[in-house]
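To start, the structure itself, in structure tokens.
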Amino acid sequence: MARRVGYPLLLLGVLSAVVATLHFHWDPDRVSGLTLIGTIGYLSVLERVIPYRTDWWPSRRELRWYAVYFVLSMVGGALGQGLVTALVGVVAPARPGLPLGVQIPLALLVGTLGDHLVHRWSHHNRWLWRLHGVHHVPEKVNVANNGVNHFLDVFVAQAAVQLVLAMIGFSQESVFAVGIFLVAQGYFVHANIDVSLGLFGHVLAGPEQHRLHHSTDLAEAGHFSSDLSLWDHVFGSYTWRPGRVPAAVGLADPASFPATGELTATLLHPWRRMRTPGPSV
């Protein structure tokens with residue numbers, strides 16, 4: 001039962017949060033924070049109920065490090081959100097030309113495309129990979145280590161996508177709606193849960209596809225979209241097929257990055273010489 005209803009219930013929760021916020025004029029920042037906490041808690045429970053691999057459950061030591069990185073990711077997100085908040089009122093139109101019901105699906109398409117392209121670039125650009133590669137260091141994929149990021153990687157990704165949406169002309173309400181979906185979806189695909197989206201996986205990304213993205217085999221490590229997998233079809237990076245699972249996850253060259261527990265070295269890594277360029281996927 002949990003395998004069938006786990007994801008639909010998450011989507012229902014996100015949709016309810018968006019509708020209620022827009023209807024009752026709740027504080028979007030507060031709702032975003034509460035939704036993040038609720039999403040992490042919900043998926044953490046599912047990881048125990050329907051785990052994909054029990055050896056991917058984080059140890060207590062790993063959880064301590066993951067918590068530190070989560071806080072740093074929140075700092076990066078806050079910096080990115082601060083930049084967006086400061087500029088969105090300037091670049092976003094006071095009265096968008098399209099109704100909100102049209103804006104949101106369009107903003108979803110544009111936002112997920114932007115997220116895909118930024119993520120793809122982070123794997124191809126040498127300096128951006130020094131930031132983003134931090135996320136690929138863990139040799140497990142679970143909810144807790146979704147927050148293992150260099151804070152500047154979070155800043156770049158969040159600010160870039162939301163600013164593009166605002167500059168195109170989408171309203172703050174539509175940017176909020178898309179943003180809250182992207183966050184929940186990002187944690188869902190990273191969850192260590194045994195679920196399959198079936199044919200819907202060709203439109204919406206799921207954990208099956210995202211595990212391949214973390215594969216140490218670069219030939220199968222596509223899937224740059226954490227939200228709409230249709231963009232991976234468009235750009236030729238959709239590699240999943242039924243039964244295909246990564247033999248191992250992590251870095252193809254583990255020695256090219258500091259270990260997750262080496263916090264200072266990780267934060268300084270972008271400004272140090274790299275042994276190897278970013279992945280060629």
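Here, each number is a calculation from the coordinates, and none is a lab measurement. Everything numeric in this text was worked out from a predicted model, so none of it was measured. We place every Cβ from the backbone using ideal geometry, glycine too, and count neighbours over all the protein chains shown.
Quick look at the values:
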quantity: FRET efficiency estimate (nearest 0.05) - Cβ-Cβ, residue 272 to residue 5, R0 35 angstrom; calculated: 0.15
quantity: Residue-by-residue Karplus 3J(HN,Hα) for segment 256-268, coefficients 6.51, -1.76, 1.60, Hz, glycine and proline x; calculated: 7, 9, x, 5, 4, x, 8, 5, 4, 4, 5, 5, 8
quantity: Summed residue charge, Cβ within 13 Å of residue 63's Cβ, Lys/Arg positive, Asp/Glu negative; calculated: +2
quantity: Local electrostatic count at residue 244 - Lys and Arg +1, Asp and Glu -1, tallied over other residues with Cβ under 9 Å; calculated: -1
quantity: Cα convex hull volume per residue for segment 99-222 (Å³); calculated: 113
quantity: Summed side-chain charge close to residue 224 - residues other than residue 224 whose Cβ falls under 10 Å, Lys, Arg +1, Asp, Glu -1; calculated: -1
quantity: Measure of compaction for segment 153-273 (Cα Rg per 2.2 N^0.38 Å); calculated: 1.21
quantity: Calculated log₁₀ intensity ratio I(q)/I(0) where the Debye formula runs over C-alpha points of segment 8-140, q = 0.10, 0.11 Å⁻¹; calculated: -0.49, -0.60
quantity: Highest average packing first - 53-63, 33-43, Cβ atoms within 10 Å; calculated: 33-43, 53-63
quantity: Angle between the chain longest axis and helix 2-24 axis [Cα atoms, degrees, rounded to 10]; calculated: 40
quantity: Protection proxy ranking, peptides 217-230, 181-194, average beta carbon neighbours within 10 Å, highest first; calculated: 181-194, 217-230
quantity: Rounded to 10°, Cα long-axis angle of helix 28-49 versus longest principal axis of the chain; calculated: 40
quantity: Mean ellipticity per residue at 222 nm, deg cm²/dmol - from DSSP H runs of n ≥ 4 across the chain, formula -39500 (n - 2.57); calculated: -19500 deg cm²/dmol
quantity: Normalised alpha carbon radius of gyration of segment 6-66 [divisor 2.2 N^0.38 Å]; calculated: 1.41
quantity: In Hz, Karplus ³J(HN,Hα) per residue of segment 218-230 (6.51, -1.76, 1.60; θ = phi - 60°; x = Gly, Pro); calculated: 5, 5, 10, 8, x, 6, 7, 8, 9, 10, 9, 6, 4
quantity: Rg/Rh for the chain, where both radii come from Cα atoms and Rh is the Kirkwood radius; calculated: 0.95
quantity: Between helix 100-124 and the chain: long-axis angle, C-alpha atoms, 0 to 90°, nearest 10; calculated: 30
quantity: Nitroxide proxy distance, nm - points 7 Å out along Cα→Cβ at residue 54 and residue 20; calculated: 3.6
